[in-house]
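Below you'll find the structure, written out as structure tokens, and then a few comments.
Every number in this text was worked out from the coordinates using simple rules, so none of it is lab data. Just so it is clear, the structure is predicted and the values come from calculations on it, not from any experiment. Counting neighbours? That spans all protein chains shown, and the Cβs are built from the backbone with ideal geometry, glycine included.
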Protein chains: 2
Amino acid sequence: MDSQEQSLIQSFMRRSRELIDLKSVLEILTWDQETMMPSRAGPFRARQFSALSALYHQKLTSPDLGETLERLSTEELGLWPQAAVREMRREHEKAVKLPEELVRELAETTSLAYGAWVEARQKSDFASFSPWLEKVLKLKQEEARCLQFSDSLYEALLDHYEPGMTVGRLDELFAVIRPKLTSLLQQILSASKQPDRDLLKGKFPAAQQEAFGRDVLTAMGFQWDAGRLDRSPHPFCSGLSPLDVRITTRYSEEDFCSSLFGMIHEGGHALYEQGLDPEHYGSLACDGISLGIHESQSRLWENQIARSRAFWDHWFPRLLQTFPGQLDHVSLEDFVHAINRVEASLIRVEADEVSYGLHVILRYELEKQMVEGDLKVQDLEEAWNTSMKEYLEVVPSNSAEGVLQDVHWSMGGFGYFPTYLLGNLYGAQIFHQVGEELPDLEESIAAGNLIPLREWLGQQIHGKGKTVGAEELIEQISGKPLNSDYFLDYLKNKFTPLYGLS
Amino acid sequence: MDSQEQSLIQSFMRRSRELIDLKSVLEILTWDQETMMPSRAGPFRARQFSALSALYHQKLTSPDLGETLERLSTEELGLWPQAAVREMRREHEKAVKLPEELVRELAETTSLAYGAWVEARQKSDFASFSPWLEKVLKLKQEEARCLQFSDSLYEALLDHYEPGMTVGRLDELFAVIRPKLTSLLQQILSASKQPDRDLLKGKFPAAQQEAFGRDVLTAMGFQWDAGRLDRSPHPFCSGLSPLDVRITTRYSEEDFCSSLFGMIHEGGHALYEQGLDPEHYGSLACDGISLGIHESQSRLWENQIARSRAFWDHWFPRLLQTFPGQLDHVSLEDFVHAINRVEASLIRVEADEVSYGLHVILRYELEKQMVEGDLKVQDLEEAWNTSMKEYLEVVPSNSAEGVLQDVHWSMGGFGYFPTYLLGNLYGAQIFHQVGEELPDLEESIAAGNLIPLREWLGQQIHGKGKTVGAEELIEQISGKPLNSDYFLDYLKNKFTPLYGLS
């Protein structure tokens, strides 16, 4: 590498670090808004957010940066710098296509729409939210148009979250999955062996739920000196840097499951973020590969691990101690069946592993139609309820447990939902390989030792950052391209004995 | 106003809003660092902070902004826009006078000097800190020279914190105050009626301290939907906007006073910040007038109100209920005397209302001499100990409880200390007028109603922002220029009966 190349790379890395620093500050603003910010501060926070977003956008779209990227993209730079340049180029090229005014308007509108969603959900009043959703949708359609991505507006938005994924591929995958999930769901619902609904009922003080959750997170390897756990209305994980990873949860004192599995889920995301190499902070390659791969980590910990019999061999006695008198009458066997209870329910985040995919496919179809202009916001709630009836045979009795339940659309997150189901697919395919490579895993988990799994995931996935793509990673790990068989086999193998299916 | 003027103002306000938004984000980063950030995240946070600071500095020093300000400063704009322009011009002109190299060196040196101070204080070793103090001092002298402010280098630094205040004025005020405080202190120390040292000892759980503090803050009119209370190692108040004002405290379970009066003190600052007019957020005029005026609010609530007999008429029974069995043996009278105990102590932040001023004057004199080149850092500790003996008749037995006790100098905060005593003077002069205008105030406070006071302060001070200067405000309120009589009379009237002085 000659000295001109070197100074070019140095100048690029300087810009890259500044951009990542600003991005991280934007993340802090978001985290703070959802966990800490006083309720009346919203409008000024929106302004602060939009001022900073605009600056980020200006820096990202600088023609100087574009030139540097162009020159560097023909160089042989080695794995990490090459990925840093590739990812920055991707961001830069997208950003230059978006007018500053649109970016500013989107930031401000989504921040306000989020507030409107919170209020509308509280009041279960879709009508008060729908003007905001219309505004957000219109701006996102405009964004998709500006990106000139493909024939599909939706695909342009999907690409933000799952680079390389196409609508065609999703349609194909989901077309296989949907009928199989529906059929498995029907089999399970009509099985004679059903878990007891009331088994997990009790009084579970939030403080003890939190303490138990913290113990599990610690066992998973969550690093508390590089992270936090707080409360927020909608649980999330925010990676401000590999040394500052924050997860949130919410507690219901009648139901410890929702918070516990939520914490483990976000903990799976957090391990990914904490597993990124801090040496590379300041490079866009120091990030999760895609939302789908990210979700594979959270799902794997939540479902394959924390809903397994082996996991509770170790943790069940501790759970009984944590909530004296609440679960003493429950056997471990019945407990494991109960936490894996399958039902046709209304709320996605509380859905079981079988019906969850149907919730996602429903949202994917609706948002795709909205973005493509085939479904109006005013007709959304009816379409939602109709699909719920068709896929899950249940109908929400109000907006809060229906179309208003998720935060994503208020924040402009069209194209986000499918990554949840992709996460299940990736997760099952990865976990299959874990089983091949760590034959003692089940014993280790049953003994409360989760670290071998964390280390394997760290080496095979987390530490690689974005030096590989999603498809490439899955092929590296399993030797095969992504397919839905692993996921469907996993469900069948798990639920057949649980429910005594034939 | 013609359309050209109007568009000039609009362009100015756009820049102003952006700068304030960025400033506010910097405040969030600081608040987060002190209250929430995981311990290992420090180095990345420093980078995020410095990236954003650099952007702020670039925007503030932009020649375009300078031109706009120059053109607007000759226009008749009305009270608020005029103040917005004046304050921004002040900031801009200071910023452009400072070479980037000096700003960078100051940031770096003070950051390292702060670390050296922490370590030196732990080891009580002034010698290891003094080379750092010399470096910081030299850079601050250079800064003062660059600002080309007046004959006095110190005055240039003082002006950062207390605009309009002069060294001549401070010398004059402090020359009157010092002997009178010394004499009052001597009278009190030799009085036969002394409060019982051990009266306030007990076990005070942090959760109950917090609950009690929150009740008091609520009664003061702190708006919880526009603010928060958290914990941090050093208590502070952070006004991110008038609708987002955050205070912090720390709890000692053996001593409820330190946290309670600390919360009320920060609460006084917070009421000022919440009392700013949100309509004007985005203008530099929407801010506290000076550190001295800000401190007048915190001191007034902490001392004139919360250390008064009337205040405890209402709150003492509640305090007893909050900490059952801890203070049952204490009479209200003895309690009020105990929370007003005067002593010649070594530590400024623990000093009472009488001796506090002497701590400040000592620091003012020493730092002024250092900045003007009349006192060498190597002679500072001896000078400190000599003054302590002279003013307070106590001598530190080591550097930690002497010259190393305060953080300010390590961070380059020369000129900050006098604003603490000015706060007392402003506060007493303002409170005297409160007494004239709200004759029923004492009864109202004794009945637990603090709102009339808050409203008066809001109207007379908070809502005005920086549309007036400190001197002007004091004249507006009391009809007289700032003088020390009000403060000295207040102390005499309060402590004469408490200590049975003649």
Using Cα pairs closer than 8 Å and at least 6 residues apart in sequence, work out the relative contact order for region A:219-273, in percent. 35 percent
Which of A:84, A:290, A:479 sits farthest toward the positive end of the charge dipole of chain A, with +1 on the Cβ of Lys and Arg and -1 on the Cβ of Asp and Glu? A:290
So what is the 222 nm mean residue ellipticity for the protein assembly as shown from helices alone, if each DSSP H run of at least 4 adds -39500 (n - 2.57) and you divide by all residues, rounding to the nearest 500 deg cm²/dmol? -20500 deg cm²/dmol
Exam field: residue B:382 pseudo-label spacings to other copies (7 Å along Cα-Cβ), nanometres: 9.2
Extending each Cα 7 Å along its Cβ direction at residue A:376 and residue B:5, get the distance between those two points in nm, one decimal. 4.9 nm
Given backbone amide H placed at 1.01 Å from N, residues whose amide H is under 5 Å from that of residue A:238, ignoring those fewer than 5 places away on the same chain, are A:246, A:247
Taking every residue of B:24-34, the Cβ atoms of other protein chains inside 10 Å of its Cβ average out to 4
Under 14 Å from residue A:376, Cα to Cα: aspartates and glutamates that are on another chain or at least 8 residues apart: A:134, A:365, A:367
So, by mean Cβ neighbours within 10 angstrom, what's the order for B:308-315, A:312-319, A:288-295 with the highest one leading? A:288-295, B:308-315, A:312-319
Each label point is 7 Å from the Cα along the Cα-to-Cβ direction; what then is the distance between the points at residue A:203 and residue B:108, in nm? 6.2 nm
Mean projected area (nm²) of the alpha-carbon convex hull when region B:282-345 is viewed from all directions: 7.1 nm²
per DSSP, antiparallel bridges as share of beta bridges in region A:167-499, % nearest 5, sits at 50 percent
Ignore the peptide's own chain and count Cβ atoms of other chains within 10 Å of each Cβ in A:14-22; give me the average, rounded. 3
Rounded, prolate or oblate: which one fits region B:18-151, using the alpha carbon gyration tensor with axes a ≥ b ≥ c (rounded when a/c is under 1.5, else prolate when a/b beats b/c, else oblate)? oblate
Leading residue at positive end of dipole, the protein assembly as shown (Cβ point charges), from A:415, A:181, A:111: A:181
Along region B:30-38, Karplus-curve 3J(HN,Hα) (6.51, -1.76, 1.60; θ = phi - 60°) to the nearest Hz, with x for Gly and Pro, reads 5, 4, 4, 4, 7, 10, 10, 4, x
Across B:23/B:123; A:23/A:140; A:466/A:492; B:94/B:480; B:94/B:466, pairs whose alpha-carbon gap is larger than 29 Å: B:23/B:123; A:466/A:492; B:94/B:480
Per-residue mean of other chain beta-carbon atoms within 10 angstrom of the beta-carbon, peptide B:47-57? 4
Report the charge-dipole magnitude of the protein assembly as shown in Debye, nearest 20, computed about the Cα centre from +1 at each Lys and Arg Cβ and -1 at each Asp and Glu Cβ. 620 debye
Unit-weight point scatterers at every alpha-carbon of the protein assembly as shown, Debye formula, q = 0.06, 0.10 1/Å: log10 I(q)/I(0) is -0.53, -1.29
Aspartates and glutamates within cross-link reach of residue B:494: Cα-Cα under 16 Å, excluding same-chain residues under 8 positions apart? B:302, B:333, B:334, B:343, B:352, B:353, B:442, B:485
Assuming a ≥ b ≥ c are the square roots of the Cα gyration tensor eigenvalues, decide whether region B:166-285 counts as rounded (a/c under 1.5), prolate (otherwise, with a/b larger than b/c) or oblate. oblate
How would you rank B:112-122, A:45-55, highest first, on the average number of other Cβ atoms within 10 Å across their residues? A:45-55, B:112-122
Kindly give the distances from residue A:501 to its copy-mates, label point to label point, with each label point 7 Å from Cα along Cα→Cβ, as nm values to one decimal ordered shortest first. 8.7
How large is ³J(HN,Hα), in whole Hz, for each residue of region A:231-238 in order, when computed from phi with the Karplus curve 6.51 cos²θ - 1.76 cosθ + 1.60 and θ = phi - 60°, using x for Gly and Pro? 9, 7, x, 10, x, 7, 10, 10
Compute the distance in nm between two label points, each set 7 Å from the Cα along the Cα-to-Cβ direction, one at residue A:190 and one at residue A:472. 4.8 nm
Within region A:454-478, list the residues whose amide N lies under 15 Å from a label point set 7 Å along Cα→Cβ of residue A:437. A:454-465, A:468, A:472-478
Around residue A:174: net Lys/Arg minus Asp/Glu count, Cβ-Cβ under 11 Å: +1
State the volume of the convex hull built on the alpha-carbon positions of region A:181-251, expressed per residue in Å³ and rounded to an integer. 164 Å³
How high is the relative contact order of chain B, in percent, counting Cα pairs under 8 Å that sit 6 or more residues apart? 20 percent
Shortest first and in nm with one decimal, please list how far the residue B:151 label point sits from its counterparts in the other copies (point 7 Å along Cα→Cβ). 8.4
At a threshold of 8 angstrom on Cα-Cα distance, excluding pairs fewer than six apart, so keeping six or more, what relative contact order does region A:3-161 reach in percent? 22 percent
Env charge @ residue A:76, Cβ radius under 14 Å, K,R +1 / D,E -1, value -1
Using a Förster distance of 60 Å, how high is the FRET efficiency between residue A:76 and residue B:446, based on the Cβ-Cβ distance and rounded to 0.05? 0.15
Cα gyration tensor, region A:167-499 - rounded (a/c under 1.5), prolate or oblate: rounded
